Amino acid sequence: MSTEPWGGPADEDLRASVAQLLAAAQDGVVGIVEAGHPVLRRPAQPYAGQLGDLLAPLLTVMRATMRAAPGVGLAAPQIGLSLAIAVLEDPGLPAGMEESADERERTALAPRVLVNPSYERVGDDDRSFYEGCLSVPGYQGVVRRPRSVRLRGQDERGHEFDEILTGWPARIVQHETDHLAGVLYVDSVETRSLTTNATYARAWAHEATPRSAARVLGFALED
Ligand code: NI
């Protein structure tokens, strides 16, 4: 089994469990595990080529599962696989709104793969916004995060990257990289901000920032 370009040896047990996962896919989509499942709380195993030629079909299934959810990111532990791999894709705001003064700085994020990612804060700015997680269905909450981060890791071909991200793309990569460390957004959520999706849609989704929510629900923002 070729493991190019990773160089690490194949792991036949892991390959067998991935083959089983892929075989269980329905219309190319697999189930998402939810909070309480131990795999979401373990640091994911670094990827070094253990899957060989099963990496490509795994990524295809992860992307399809993310899009079907729908979500803007999916980490391998969220489909029950403790490997440091995540897929991301954010089409951004609807046509005509791309350049609006969106306080979230939500710019489109082209489909990409993060392998063994890590990040560190860049600068002192924090931003607080509502976010959600496919593994914590039904809820959203405000999380304060660095506005910009330096992200390092590899892509699906094993090529190293080292870049600075700002705004919503920075939030997405922080959320997904946190998954690979066994961390969920609820670990740092502003608990008084927690809202069901239905109430979020009714009360807060139209607000550019969580300032009103902070005032009404009783939590502090960084400002
Ligand atoms: Ni998540």
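The values are calculated or read from the model by the stated rules, or taken from the named source; none is laboratory data. Treat the numbers as computed from the prediction; the structure is a model and nothing was measured. In this analysis, Cβ positions are derived from the backbone assuming ideal geometry, glycine residues included, and neighbour counts consider all displayed protein chains. These accessible areas exclude ligands, DNA and RNA; they are computed on the full protein's heavy atoms, side chains included. Shrake-Rupley method; radii C 1.70, N 1.55, O 1.52, S 1.80 Å.
Part of a loop (DSSP other than H, G, I, E, B), in contact with a helix residue (DSSP H, G or I) (Cβ under 7 Å, 6 or more places away or on another chain) and farther than 16 Å from H175 by Cα - does that describe any residue in the stretch 51-60? Give the derivation first.
So in the stretch 51-60, the residues part of a loop (DSSP other than H, G, I, E, B) come out as 51.
This time we only want the ones that are in contact with a helix residue (DSSP H, G or I) (Cβ under 7 Å, 6 or more places away or on another chain), so: 51.
Narrowing the set further to residues that are farther than 16 Å from H175 by Cα leaves 51.
Yes, the stretch 51-60 contains a residue that is part of a loop (DSSP other than H, G, I, E, B), in contact with a helix residue (DSSP H, G or I) (Cβ under 7 Å, 6 or more places away or on another chain) and farther than 16 Å from H175 by Cα.
Please go through the stretch 161-185 and pick out each residue that is of a type in the set (A, V, I, L, M), out of contact with any Gly (no Cβ under 7 Å at 6 or more places or on another chain), within 14 Å of the ligand (Cβ to nearest atom) and farther than 11 Å from L114 by Cα. Reasoning before the result, please.
Restricting attention to the stretch 161-185, the residues satisfying the condition of being of a type in the set (A, V, I, L, M) are 164-165, 170, 172-173, 180-181, 183-184.
With the extra rule that they be out of contact with any Gly (no Cβ under 7 Å at 6 or more places or on another chain), the set shrinks to 164-165, 170, 173, 180-181, 183-184.
Cutting the leftovers down to within 14 Å of the ligand (Cβ to nearest atom) gives us 173, 180-181, 183-184.
Of everything in the stretch 161-185, those that are of a type in the set (A, V, I, L, M), out of contact with any Gly (no Cβ under 7 Å at 6 or more places or on another chain), within 14 Å of the ligand (Cβ to nearest atom) and farther than 11 Å from L114 by Cα turn out to be A181, V183, L184.
So is L93 crowded, with 16+ Cβ neighbours inside 10 Å, out of contact with any helix residue (DSSP H, G or I) (no Cβ under 8 Å at 6 or more places or on another chain) and in contact (Cβ under 8 Å) with a residue 60 or more places away in the chain or not? Spelling it out, it is not the case that L93 is crowded, with 16+ Cβ neighbours inside 10 Å, out of contact with any helix residue (DSSP H, G or I) (no Cβ under 8 Å at 6 or more places or on another chain) and in contact (Cβ under 8 Å) with a residue 60 or more places away in the chain. Within the stretch 43-58, the residues that satisfy the criterion of being more than 15 Å from the ligand (Cβ to nearest atom) and either at pLDDT below 95 or open to solvent by 10 Å² or more (accessible area, probe 1.4 Å) (or both) are P43, Q45, P46, A48, Q50, G52, D53, L54, L55, A56, P57.
Does G141 satisfy being under 16 Å from the mean Cα position of the chain (by Cα) and either within 16 Å of the ligand (Cβ to nearest atom) or under 25 Å from Y47 (Cα atoms) (or both)? Answer is yes for this residue. With respect to the conditions (1) within 16 Å of the ligand (Cβ to nearest atom); (2) in contact with a helix residue (DSSP H, G or I) (Cβ under 7 Å, 6 or more places away or on another chain); (3) open to solvent by 30 Å² or more (accessible area, probe 1.4 Å); (4) farther than 29 Å from G218 by Cβ, P70 falls short on a single one, namely (2).
Of all residues in the stretch 19-39, those that are under 15 Å from R63 (Cβ atoms) and surrounded by 14 or more Cβ atoms within 10 Å (Cβ to Cβ) total 7. Within the stretch 70-82, residues that are over 18 Å from Q26 (Cα atoms) have Cβ atoms under 7 Å from residues that are near the ligand (Cβ under 9 Å from one of its atoms) and modelled with pLDDT under 95 in no pair, counting only partners at least 6 apart in sequence or on another chain. One residue stands out among those in the stretch 104-126 that are hydroxyl-bearing (S, T, Y) and in a strand (DSSP E or B): the one that is surrounded by the most Cβ atoms within 10 Å (Cβ to Cβ), which is Y119.
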